Structure formats: C-alpha cells, structure tokens
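Peer 1: Have a look at this one before I ask anything.
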Amino acid sequence: MIPSKRPGDLVDRQRPWVRRRPWLGAFLVLMLAAAACGGNNGDDDDAGDANQDTSGDEGEPVQGGTLVYGLEADTANGWAPYRTSCATSCYIPFTAVSDSLFAVNDDGEIVPLLAESVDHNDDYTEWTITLKDGIKFHDGTPLDADAVKFNIETCVGSPLTGAAYASVGPITASGQTVTIATKNGPWVALPAYFGYGACGYMFSKDWLSSLPDVPHRSPNNPFYDAALAATPADGDPAAPIGLGAFKFESYEPGNGNSFRAVRNEDYWRGPNGITGENLPYLDAIEAVASVDIDSRANALRSGEFDIMHTANAETIAELMDDDSVETVTSDRYGETNYIMLNTAQGTNLMTGAQIDPQGANADNPMLNLHCRRALAHGIDLDRLAEERGGGISTPANGPFPPGSRGYLEDSGYPAYDIDAAQAEMDTCLSDLGTDSISFDFNTTNDPFNVETNTLIVSMWQEAFGDEVNATITPIEQGQYIGIALLGNFDVFAWRNHGGTDPDQQLLWWISAASAPIGSQALNFGRFSDEVIDENLITIRTNPDEDARTEAAENINKRFGEEVYNLWTSWTIWGISSQPYVNDQVLNTLPDGSKGIELAFAGRHQLNQIWCDNGECE
Amino acid sequence: MPRVRALWDAVRRKPGLTTTAGALVVLVGGWLVGLPMLLSFLGAFALVVVGASVVNGRYVRRRLFILVPTIVLVTAFTFYLENSRGDTRDLAFQILGPGGTEEGVDQIVQEFHLDEPMHTRYLLWLSDAVRGDLGRSAIQGQPVSEVIANAAPVSLQLMIYAQVLALAVAVPMGVYAAYKANRRGDRIASTFALAALSIPNFVLAVVLILFFALGGIRTGDTSIGSTWLPAARYVPFGQDPVEHFRHMALPAIALALGQAAGYMRILRSDMIGTLQENFITTAKAKGVSDRRILWAHALRPSSFTLLTVFGVNTATLVGGALIIETLFTLPGLGTQLGTAIFQKDFLVVQGIVLVIAVGFVLVNFLVDLLYAVLDPRVRHVRA
C-alpha cells in the first residue's frame, strides 16, 4: 500500500511535491520501499490501519445515484467465468453482478462469503463447503449446492480455465453442501481458487446451462450431459445472471460503450436479504470502456466519469497531484512487471519430454545463466521506477510483492551493478564463443510499454555497448498472449503473479506446464526446475504455514539465482474519483469484519460505494 | 390523382428542389417516427436518385452501372488484405484466443470456411453480405451487422455535424475572402485557414478539451478557459437532445475546423475565377447589388470543386474520425474499426470497411448526381 501525505490515510488529496522535486520523489520511493519492507512478515499492519482510517470518515451512507465508472478496456467476451479471460476491467462488472464463494479479509486470509463455512478432511483431499441459506440469483433460482457444483464443473471442463482446476476431482452436491474431492493428493489452498478469481463468482445454473458453449453440451467433455445438450442453447453470454448487488441491465461491447447494472432489490446483503445490511447504496452502475488513458482521465476531470481506474503510474501520479479528484492507490497482492526469458531447452523433469525438440530456441542467449545475470545487473530499476513509474512505482526483486507470502527483502536477485554486469557479460560471451549477443525483445504495441522497454534496452547499451543487440518488436495485444502460450519468443515483456497464496502460481511455474515450443504451455518461459517444482508441491500439499512460507521464499530465491525472469516493478493501481464519491474501495464483510480493499491488480468492491446526497454528479 | 399529377409536375419542373426537400422530409419524419437512421438515409438517398433520374435518366444509369463493380472491387481487395496473411489455422487460433483447442480451431475453420480457397471464401462472404449477414464478431460475440448498426449512427451524426459546421464556417468566409481578394480581410481569413489546415485534428481536439472541458490554463488567480463542455462520452439524441449536442460539440468542432479551412480556400479560389466571368460583369452593369451577385449568381457556379471535395471528405471522415472518436470515447465506426484491427476481429473489419466503401461510393455517386441537379449547363452537356 502506498502511504499518502496524511499518515494512514488511503485517500491522497494533495501531493504536489512528489512530481515537482525529483530528488524528493526518489527519497519517497526509498521511504516507500522501506515502509513496504516492514510488511515482510505478511501481517501488513500498516496497510490495515490505513484502510481502517478511510472507512466511515465520510458520514452516513445515502442511497441513490448512478455511478459512471471509466474502465481501461472492454476485456470480456461474454460474462460466464468459464469462457472469460478476465482482466481488471472485466472484474468491475463481474463484481457488480455477482459475489464469490469466498472473500479475502484484511489479513489476506480466505474467509467464507457466499459460503457459510468450509471444512476439509485430515489430509486435505476432500473439502466440504456449506452454503448460506436464502440467497437467490437474479432470476429467482436459489444458490444451492447443485448450482455451485454446476458452476465449478463449467470451470473445470473449460479449455480456458480447466488447467487451473485440474486437481479438482469428483464433486457431490446435497442441499446446501458441496463436497469437492481432489485429484493428485492434498490441496491445502483450494478455497483460494474460489475466492477472487472469476470462477469463484457464482451465476445462475439456468443461465449457464442455456449458453451454447457450456462444457456440458460438448460430447467430448467429461461433464457432457446429453439431456442438457438437447435443450435449446438460447442463453446470451453477454447478459449475465448473477446474485450480486446489481442486476444486469444492458451491455454493448467496444470502446465508448457501457455495461449497465441496476440495484438488486433482493440482494442477499440488502434490506430484503439475510444479513441485516442495507446494501447496495447506489441505484445503478454504468461501466464505460475508455481505452485511451488520457481520454479516461480527462473524462474524470471534466465530470463525465465519477470514478476510474488505471495502472499507468504516470497518470496515477498526475491524478494524485490533482486537487479536484481523490485517488486511492495500492500494490497489495498485486502483479509483478517483468521481462520473461525463453529458457526452453533439455528435458522436462516431470513429463520426460523434450522441451525444445526442434531446436527453435537453441540460439537464444537467454539459455546461458551468465547472459541472464548480466542483463539483470544492467537494469537500473530505481531509474526505471523514477522515469517510467511516475516516481511512485517500486522496483521489484521477485514475483512476490511486499506483504505477500514469499516476499524477501533480499531474494538474491542481481541488483544494478555495472561492474558485475560486465563481468557476467564477459563470461556469457566467452561461454557462447561470440563477441555479442542478439535477441528480439517483444512488447505490446502500447506506446507507453514500448517507451519503457526502449529505456531498458538503452540501459543495456550504456552498460554493454555493442555487446548486446536487442531489437524491440511491438506486437498487437490480440496476438500477444498467443505467442507467449506457444513459446515463440526470445525475451517478452509481461505482467502476472498477483494473489494471496503462492499456490495460485503453480500452473505458471511447474515443470508439467512447460510444453514443447509450438505447443500451448502456461509455463511460458518453459523452465523446468527441480527446486521450484519441489517447493510448489510443498505449497500445494503441506498444511504447515511455516513450511509453505519457507517454500515460497525458496522459490523466490531460486528465481533470484537462476534469473528465469528479469523483475522490474510491482504493479501499482490507482482508483480516482470525484470528491462526492465515498468509500470507493470499502469492503466490510457481512460479519462486520474488514475485508481486503483495493488489491489484486485494481480489484475492489462496488456494493459499499455511495455518493453525497444520493446523487453522483 | 390530380394532386399526384401536380406533384409529379413539380418534380419535373424543379427536380433538385423537390427531391432535396423530400429527402429532408424523410430524414426528419424518420427521426420523428423513430425509424432507424440507416433506413432514413437510404430513403432520402433513393429520393435524390429519383430526382436525378428525372433530370437525366441515362446519366444516372451509367453511374449506377459503374457503382456495382466499384463496390465489388473494393470489398474483394479488402477481403484479400484481411485474409492473405499467415496460415488459416493461426487465424482460427487467434480468433479463439488463449485456451483455444485443436477441436475449437477445427470448428472455427469450418464455421468461417477457412479451408476453402480465397475466392470461394470471398463469394460466400459476399453472398451472405448482400443478404445482410456479415457474420458474427469472434471477440464481441455479436452479429457484425449489429455492431455496425450500433456504431454507424454515432459516426454519421459526428460526420453530419462536422460537415454542416464546416460549411457554415467555410461558405461565408470563402465568399467574403473572394469578395475582398488580396485585401486585408482576405489575408486575415486565409491566414486563419492556413493555420487551421496546419493543425492535425487530434491536436486541436486536445487543445479544445483543455480550454473548453478542463478549465484551461491557470496562472495565479487567473484562468483562461472553461468547463462548459464535456470531454468524453456519447449521449444519444433520443435520450437527451441538449446533452447530445453538448457531448458532440467538441469532437465535431475538432473535425470541422480543418475541413472548413480547406473548403474556404477552395471556394475562395473558384469564386475569384467566377467573379471575372462576363455574366458577373453584365450583372454589375445592370446594377445588381454586390450581395445578390455573390450569393445568387457567383456562389452556385463556384461550388463544384467544393462539392467534389465535400463528397470525398464526407466518407473519409468516418475513417479519419478514428482518433477523434477514441479521444472523446465515442462508440462510433472509427473506434470499432480500430479496436477490431487490434483484436484481429477480421469479420468486423471487413464489415466496417464494406460500409465505409459503400458509403464512400454512394456519397460520391450522390455528388455526381447533384452536379446535374444543381447546374443546368452540366445537365444539358452530359445529356
């Protein structure tokens, strides 16, 4: 969490001195890093206090108003979790129209939300989830075990989300109780997979089963249901039926268009609900896709948007300087920006298959550890944070940001050191028998990203001169993920790995997910590392919290030693709003305890936002 | 029957006036009864074609004969560009996105006929397109015709407002500059026009946003600028007409100013030539007032180049508005086209390019017809 001018205040109203005095900004960065390091034990007390101060400061909530939310993109292709590659902008509508089985509290722990309780057997191979009674979807159907089972099956059976749920075994449903058996042994963090991820959000079974591409309609799918397949597939994936604070009203895809949802009078946390709360406060939410960051910020400043989000650090810094809007920032449990290196070679330690049978990656200098270490030593992360991070982003030294399990103040990752860089480069060139290395450096064609990565290349040129020839190759966003999946790259700018539990990183790092180049693999860099595998399995199967933390730290150190990725910064997200918008990120859980506020790459709740006098204008 | 006869006689006597008036009635009437905008436009267009046919049927038929192969050529070329890159299975994989399976790729290949030769695919697409089926967007999940139907009115409105504004500024300025040719008034007008032409519309848009939406520049206690107009978003006319025009004002001005400057310079130049003609000298000798000479005698014959450029610009504005629409978060065709290109949503790209191409050809066809409607000399020479 980024501290603001007023200690403990999450909402930053005045920080003009950050932008105007670069040296002071650099000092602030150091202070922030120091403050962040203080949260190393995972308690994150400072952040917790800060969140506490924002709640209830703004008076008694008033009902009414339509909140217009400026989104960075329109990233959903339909709103069913099993078919959606949900980015941050997709989670805003998702959070409006539905809730998840589990929530995350302010300590980063998974706690029941739609679930009443959750339990497991002694060896964590069977989980029993008991659901709250009396919750209804927007179509009037009840949230029962049968509906939850169907929801989970769609995600397990989906080609898009199935890999993450490959350890889900047989599911049984009875009344309000769902039992999930695991495959491949214990799974100690299973509820985290049904927390804040898309598949944790519950949707009406009637709606899901009416969609044309639901896995149960596909004859080759393990969940194929002939009777269901014979029913009309007339559901509209763009018209979700959830159980959230707002009911879907309309959606028009594309930039400038919006997703609109209106108050759900029968919300389970509302006056007619089961918790005795009075949510939501707003009459409606209209989420408008506004892709261009300047347009989005201008629309906020001119009053067209009531609230907006962005991960563009420069804009966040500008908005923090702007007295006319209020800005909340956070990098809590967020993603890490990094440069992914293709290290595909040799044999997969888990599957025994050749990772690069055609030798497509044989000439990539990133196969050499000394080359990787040289490049890592050659990046001045402080300068990068200052010049491209608006003075507010924090240099990263691993995949786990401060406050997350596995974070280490010193992960062993090569720090900026020109002499060490040159020494490593000399060894690299000597090993390869050449006087220079060349590689393609892919980035998305977003101008900001291209400029950022061009700065990194210029740092290498300053450090190594002609010994490093990196060619920046921008790629259209639509193709980008596909190229990573197939492993057709040398060096690739990337952002990933947010979350509360390191178990959620298993599918990105385990050797089993490292398929040969040309085949789809979620371990995009295609490393196969015994130490990482062993520790990932410990994290998945060992219930001992200390052992899991140690395993995560071991992974962090291993990344530091082997430099499979070049870490650059921890992603910071900003939510800016008009002064009349209150409790922008407040998340009080049904039992009155504090839920996590802005976290997981820009995610926050919408059901507790309210506007002065019940009017958002 | 006598009334119909009288109407027909009126059309024959004043074809330009009556059909233009009829087209306007269709547009306004269509809006009042809630007719889809595209349908109203088609109705108005048909009326103008009828008017032109009355004037010179042979000429209209000749233009129509060229129209069809032009549209086929443009769409074929676009289809080729969109479909000629890479392996068709790669294309299918891109359509599916992350998580795409071999089974899914097979399905896409079959659905989009990607295993057929290029010309077969084009003919299949064209035969569907003429029946109004432009396929389904792989990314947005909507029929392409629906995507276009939702976006086209926004772009059409922006285009119309920009053109009306441009003409409203350009015509008086052009006439005035020609009247005061090479004198101070002309030089001032021409300097402004040159400045407006030199500024790209997206730069102008940013400046307009700064000064009319964000409060402008502040120095101490003094600020130059205002927050009169919104910086983004689209409000449909039917929802709130006042807000609609407030939201369209800045993008329309950003688009119109450059156009106005160009139109003004063209009109000025043509009008200076016209004012040297003998019939103008005769009018002056007869004591006709300067105002009447300028507006009633010189303007009409001076407006042919302007009309041609207006026609060309009208359709290109849709594509040219891409940045403006993005800057102002307007969900028009330009925005949709840009997004579809980046997302490789090729059916949407093809559909929008088809609409722009057909629109371009039709508007220029209309301009050709208007030559004949506007000027008896052209009518008789071409006949």
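Peer 1: Identify the GluC sites (Glu not before Pro) of the stretch A:226-296 meeting these criteria: DSSP loop state and at most 16 other C-beta atoms within 10 Å of the C-beta. Before the final figure, lay out each step's value.
Peer 2: Details: sites: A:GLU249, A:GLU265, A:GLU277, A:GLU286; in loops: A:GLU265, A:GLU277.
Listed in order of number, the matching sites are A:GLU265.
Peer 1: So, one more: Which lysines does B:LYS284 reach when only Cα atoms under 26 Å apart count, and residues fewer than 8 places away in its own chain are ignored?
Peer 2: Leaving aside lysines fewer than 8 places away in the same chain, those within reach of B:LYS284 are B:LYS180.
Peer 1: Out of B:ALA340, B:ALA44, B:PHE328, whose Cα points farthest toward the positive end of the dipole of chain B (charges: +1 Lys, Arg; -1 Asp, Glu; placed on Cβ)?
Peer 2: Value computed over the given set: B:ALA44.
Peer 1: Let me ask something else about it. How many lysine pairs are close in chain A, with Cα atoms under 30 Å apart and the two 8 or more places apart or on different chains?
Peer 2: Lysine pairs satisfying the spacing and distance rule in chain A number 18.
Peer 1: Could you give the longest part of chain B that holds none of the trypsin sites (Lys or Arg not before Pro) found in DSSP loops with at most 15 neighbouring Cβ atoms within 10 Å?
Peer 2: On the way: sites that count: B:ARG85, B:ARG131, B:LYS180, B:ARG183, B:LYS286.
So the longest stretch without any such site is B:184-285.
Peer 1: Now for a different question. Rounded to the nearest 20 Debye, what is the dipole magnitude of the stretch A:522-601 about its Cα centre when Lys and Arg each give +1 and Asp and Glu each give -1 at the C-beta?
Peer 2: Values: 6 positive and 14 negative charges, 79 e Å.
Around 380 debye, computed over the stretch A:522-601.
Peer 1: When you count, for each residue, the other Cβ atoms within 10 Å and take the mean per peptide, how do A:465-475, A:341-351 rank with the highest first?
Peer 2: Working: A:465-475: 15.8, A:341-351: 19.9.
Packing proxy ranking, top to bottom: A:341-351, A:465-475.
Peer 1: Quick one: if the Förster radius is 56 Å, what FRET efficiency do B:GLU103 and A:ASP323 give, using the C-beta to C-beta distance and rounding to 0.05? Numbers along the way, then the final one.
Peer 2: Details: r = 56 Å, r/R0 = 1.00.
That gives a FRET efficiency of 0.50.
Peer 1: Right, here's the next one. Evaluate the charge dipole of chain B about its Cα centre and quote only its size in Debye, nearest 20, assuming +1 on the Cβ of each Lys and Arg and -1 on the Cβ of each Asp and Glu. Can you show the working numbers first?
Peer 2: Working: 32 positive and 24 negative charges, 568 e Å.
So the dipole magnitude of chain B works out to roughly 2720 debye.
Peer 1: For chain A, build the charge dipole from Cβ charges (+1 Lys, Arg; -1 Asp, Glu) around the Cα centre, then report which of A:ILE437, A:THR538, A:PHE203 sits farthest towards its positive end.
Peer 2: Farthest towards the positive end: A:PHE203.
Peer 1: Still on this structure, I have one more. Just from its helices, what would the mean residue ellipticity at 222 nm be for the protein assembly as shown, if runs of 4 or more DSSP H residues each count -39500 (n - 2.57) and the sum is divided by every residue, rounded to the nearest 500 deg cm²/dmol?
Peer 2: On the way: 34 runs with 463 residues, N = 1000.
Dividing the helical sum by the residues of the protein assembly as shown leaves -15000 deg cm²/dmol.
Peer 1: Could you tell me whether the stretch A:352-487 comes out rounded, prolate or oblate from its Cα gyration tensor? Rule is a ≥ b ≥ c as square roots of the eigenvalues, rounded for a/c under 1.5, then prolate if a/b exceeds b/c, otherwise oblate. Could the numbers behind the result be given before it?
Peer 2: Details: a/c = 1.31, a/b = 1.13, b/c = 1.17.
Note, shape of the stretch A:352-487 comes out rounded.
Peer 1: Applying a 10 Å radius around every beta-carbon, put A:602-608, A:175-181, A:576-582 in order of their mean neighbour count, most first. Could the numbers behind the result be given before it?
Peer 2: Details: A:602-608: 24.9, A:175-181: 19.1, A:576-582: 21.9.
Packing proxy ranking, top to bottom: A:602-608, A:576-582, A:175-181.
Peer 1: Next question, about the same structure. Shielding of A:249-262 by partners, i.e. mean partner chain Cβ atoms within 10 Å per residue? Please list the in-between numbers first.
Peer 2: On the way: counts 0, 0, 1, 7, 10, 15, 11, 15, 10, 3, 0, 0, 0, 0.
Partner-chain Cβ atoms within 10 Å, mean over residues of A:249-262: 5.
Peer 1: How much length is gained on full extension from A:ASN184 to A:THR454, taking 0.36 nm per residue of separation minus their Cα-Cα distance? Each step should come with its number before you reach the end.
Peer 2: Values: separation 270, 0.36 × 270 = 97.20 nm, distance 4.41 nm.
My answer for the length gained is 92.8 nm.
Peer 1: Roughly what % of DSSP beta bridges within the protein assembly as shown run antiparallel, to the nearest 5? Provide the component values of the computation, followed by the final result.
Peer 2: On the way: 64 of 82 bridges.
The antiparallel proportion sits near 80 percent.
Peer 1: Quote the relative contact order of the stretch B:230-308 in percent (integer), defining contacts as alpha-carbon pairs under 8 Å separated by 6+ residues.
Peer 2: Working: 42 pairs, mean separation 20.4, N = 79.
Relative contact order of the stretch B:230-308: 26 percent.
Peer 1: Once you have all Cα-Cα distances for chain A, histogram them in 20 Å bins from zero and send the whole-percent values.
Peer 2: P(r) for chain A, in whole percents per bin: 20, 55, 25, 1.
Peer 1: Compare the Cα positions of B:MET264, B:PRO143, A:THR182 along the charge dipole of the protein assembly as shown (+1 at Cβ of Lys, Arg; -1 at Cβ of Asp, Glu; about the Cα centre) and return the one farthest towards the positive end.
Peer 2: Among B:MET264, B:PRO143, A:THR182, the one farthest towards the positive end of the dipole of the protein assembly as shown is B:MET264.
Peer 1: Further question on the same structure: Averaged across the residues of A:302-315, what count of C-beta atoms belonging to other chains lies within 10 Å of each residue's C-beta?
Peer 2: Details: counts 13, 4, 9, 4, 0, 0, 0, 0, 0, 0, 0, 0, 0, 0.
Mean number of neighbouring Cβ atoms from other chains: 2.
Peer 1: Quote the relative contact order of the stretch B:121-271 in percent (integer), defining contacts as alpha-carbon pairs under 8 Å separated by 6+ residues. Please report the intermediate quantities before stating the final value.
Peer 2: Working: 167 pairs, mean separation 43.4, N = 151.
29 percent.
Peer 1: What is the average number of partner chain Cβ atoms found within 10 Å of a Cβ in B:327-339?
Peer 2: Values: counts 4, 7, 15, 4, 9, 3, 0, 1, 7, 5, 0, 3, 9.
Shielding by partners across B:327-339 averages 5.
Peer 1: What's the angle, to the nearest 10 degrees (0 to 90), between helix B:201-212's Cα axis and the longest principal axis of chain B?
Peer 2: Helix B:201-212 sits roughly 80 degrees off the main axis of chain B.
Peer 1: In debye to the nearest 20, how big a dipole does chain A give about its Cα centre with +1 on each Lys and Arg Cβ and -1 on each Asp and Glu Cβ?
Peer 2: Details: 34 positive and 92 negative charges, 209 e Å.
Around 1000 debye, computed over chain A.
No lab work stands behind these numbers, since they all come straight from the coordinates. Every value quoted in this text rests on a predicted model; they were computed, and no experiment measured them. Here the Cβ is made from the backbone with ideal geometry for all residues, glycine too, and neighbour counts use every protein chain on show.
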